[in-house]
Amino acid sequence: MDRQFDFLVIGSGIAGLSFALKCAPLGSVALITKAHSEDGSTNRAQGGIASAVEATDSVESHIADTLEAGAGLCRVEAVRTLAENGPEIIRQLIDWGVRFTRQRVNPQETYPYHLALEGGHSHRRILHADDLTGAEVMRALLEEVKKFPSVRLFESHTAIDLLREGDGEGRCCGALVLDRATGETERVLSRVTVLATGGAGQVFLHTTNHEVSSGDGIAMAWRAGAECADMEFMQFHPTSLAIPGADNFLISEAVRGHGGILRNQLGEAFMANEHPRKDLAPRDIVARAIDRQMRLHGLDNVWLDVTHIGDRDLRFFFPNIYRECRKYGVEIEKTPIPVVPAAHYMCGGVKVDTNSETTIPGLYACGETSCTGVHGANRLASNSLLESVVFALRAAEDAKRYLAMPAPKAPAARPVRRFSPMGAEWKDEELELRTLMWKKVGIVRNDADLADAALEIEALRTRVDIAWKNSPVLNLRLSRLRNLSQVAALLVEAARLRHESRGLHFSTDWPEKAPVAEHIVLAKGKEPRREV
Ligand code: FAD
Ligand code: SIN
């Protein structure tokens, strides 16, 4: 069956919802999301949204901090767009109903909302809603989007592949989508398609990401022929809760911004010797320092000490972290929190221009799926929620032009393929892939491990491809593994091509930074390209 809309938005996180809200007055919008509408990284976001909103701060300072964290690889134009639009986007979020935490009564303050500090920022500029910023954003944006009759929300609908006009070389004209309730696929045809499928943390064994973050958008875009860039730069968050069963629950960087100190088993504040900003150094530096401490002392984790902050502030600023740690038996006002790095954020993704259009006409990518170049080789904390809204709104503005053009012509429909409910098939293979990525493509890399990983991933992809082509009934777990292994392959390929250490990519075989910063651009059937 075919459905026709003006806009197809794949993913209902902050990026997809922002795009949908902007386009809702202009035409019909299909907003498809593979699980519940709240599921994804946005809902988990804690620290907040960075913007130079306060009188003593400046856009220039936000730009400088972003560029410094990005280790020479950021696209300066994109960073400027991000920082300059920040204050306006904060006003937009407030207009959409987001309730940020206000200042506690203090006549000295010049700005009504409380501003937190995080790693790599030289100024307090993080707006937040307690330590549940993302959940508050999701509440407000979902409420807002439901006011528009032109937006149709399809939960439990998974995009499987993109569709392109004619012989598969033309404009994007929608996607093949699985309705999980019926196990049947349908074609959702559109004038404009937006990938807002979030990140790919699930490629690694340990991650702060929700199960839905399996890199589907990147894999679909690559299969359709779009360019992907900076895929080697997976950000590991330094502090996820290191307790079995806690699912790498995040301990926000804002906790260190509030005075939290990382310590080893001897109680040493080891960040003091690592960077002038100590515990608030850029994330790549903190994650590597923790990794080093763990290897040096044979530790399974290090500790984040907040016992000096005081019960009152901890409960006030971090109510969720306070509760969640207590649930796992850690009374954070009395005991240091066991923490370990975990895969957190994909800096690379589907390459887009400053309007968030991919290299396929009519296909946009927003949020974590995209690579705008804002983050370069390492994302500055709390820049991604902002990036998602800034570039989703730019995409929506740009995409209007497609409404004036004739609708793209869909390719001839293929026979419908059925999906069986998710069973245990391919579960072991997924676990093996994620373990391989954790062990061989993690925080510190080397050529031999990357070469091993490439071989194993290639063998897995061959098996997955054969099963995908030949199985009479498909399986969502196979579809997931098809995407995970694709993203893993791109990540490893880019990492192997980068003969230097820069930002999040650190190789013991190439410890120096190369004199020229280059982006590695990958596309199906084409030679890898380097771009300055
Ligand atoms: P998501 O919010 O992940 O949404 C992706 C959507 O796509 C979901 O609805 C998902 O179901 C859907 N989807 C995926 N695949 C498919 C498919 N095949 N078909 C249909 N639907 C699909 N950033 C900050 O700036 N500040 C923070 O404080 C912060 N804290 C964070 C805390 C945690 C624990 C994590 C994991 C991330 C945090 N980040 C933070 C990063 C930030 O939250 C994300 O980068 C951002 O929310 C991404 O938004 P998104 O809309 O791109 O993706
Ligand atoms: C955090 O709260 O530490 C997460 C912030 C981010 O990932 O930007």
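The values are calculated or read from the model by the stated rules, or taken from the named source; none is laboratory data. Not measured: the values here are computed from a predicted model. Every residue, glycine among them, receives a Cβ derived from its backbone with ideal geometry; neighbour counts consider all protein chains shown. These area figures cover heavy atoms from the full protein model, side chains too; ligands, DNA and RNA do not enter into them. Shrake-Rupley method; radii C 1.70, N 1.55, O 1.52, S 1.80 Å.
Observations, loosely collected:
- Any hit, region 173-190, residues being within 10 Å of ligand 1 (Cβ to nearest atom), open to solvent by less than 20 Å² (accessible area, probe 1.4 Å), within 24 Å of Trp438 (Cβ to Cβ) and out of contact with any Leu (no Cβ under 7 Å at 6 or more places or on another chain): no
- All of (1) within 22 Å of Lys440 (Cα to Cα); (2) modelled with pLDDT of 95 or more hold for Phe249 with one exception: (1).
- Residue tally, condition in contact with a helix residue (DSSP H, G or I) (Cβ under 9 Å, 6 or more places away or on another chain) and free of Cβ contacts under 8 Å to residues at least 24 places away in the same chain, over region 324-352: 1
- Test: residue in region 388-397 that is free of Cβ contacts under 8 Å to residues at least 12 places away in the same chain, open to solvent by 80 Å² or more (accessible area, probe 1.4 Å) and out of contact with any Ser or Thr (no Cβ under 9 Å at 6 or more places or on another chain): no
- For region 422-434, the condition of being open to solvent by less than 20 Å² (accessible area, probe 1.4 Å), touching a His at 6+ places or on another chain (Cβ under 8 Å), assigned to a helix (DSSP H, G or I) and within 16 Å of ligand 1 (Cβ to nearest atom) holds for none of the residues.
- Yes/no for Ser214 being away from ligand 2 (no atom under 16 Å from the Cβ), polar (S, T, N, Q), open to solvent by less than 20 Å² (accessible area, probe 1.4 Å) and more than 24 Å from Ser507 (Cα to Cα): yes
- Region 131-158 residues that are open to solvent by less than 10 Å² (accessible area, probe 1.4 Å) and at pLDDT 95 or above, paired with ones that are assigned to a loop (DSSP other than H, G, I, E, B) and among the acidic types (Asp, Glu) (beta carbon under 6 Å, 6 or more apart): Met138/Glu38
For (1) open to solvent by less than 50 Å² (accessible area, probe 1.4 Å); (2) within 14 Å of ligand 2 (Cβ to nearest atom), each residue gets a yes or a no:
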{"position": "Gly259", "(1), (2)": "yes, no"}
{"position": "Gln265", "(1), (2)": "no, no"}
{"position": "Met271", "(1), (2)": "yes, no"}
{"position": "Ile321", "(1), (2)": "yes, yes"}
{"position": "Arg326", "(1), (2)": "no, no"}
{"position": "Glu333", "(1), (2)": "yes, no"}
{"position": "Cys347", "(1), (2)": "yes, yes"}
{"position": "Thr358", "(1), (2)": "yes, no"}
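- Test: residue in region 77-98 that is part of a loop (DSSP other than H, G, I, E, B) and free of Cβ contacts under 8 Å to residues at least 60 places away in the same chain: yes
- Identity of the residue in region 243-257, within 20 Å of the chain's Cα centre (by Cα) and either touching a residue at least 40 places away in the same chain (Cβ under 8 Å) or open to solvent by less than 30 Å² (accessible area, probe 1.4 Å) (or both), that ends up nearest to ligand 1 (Cβ to nearest atom): Leu250
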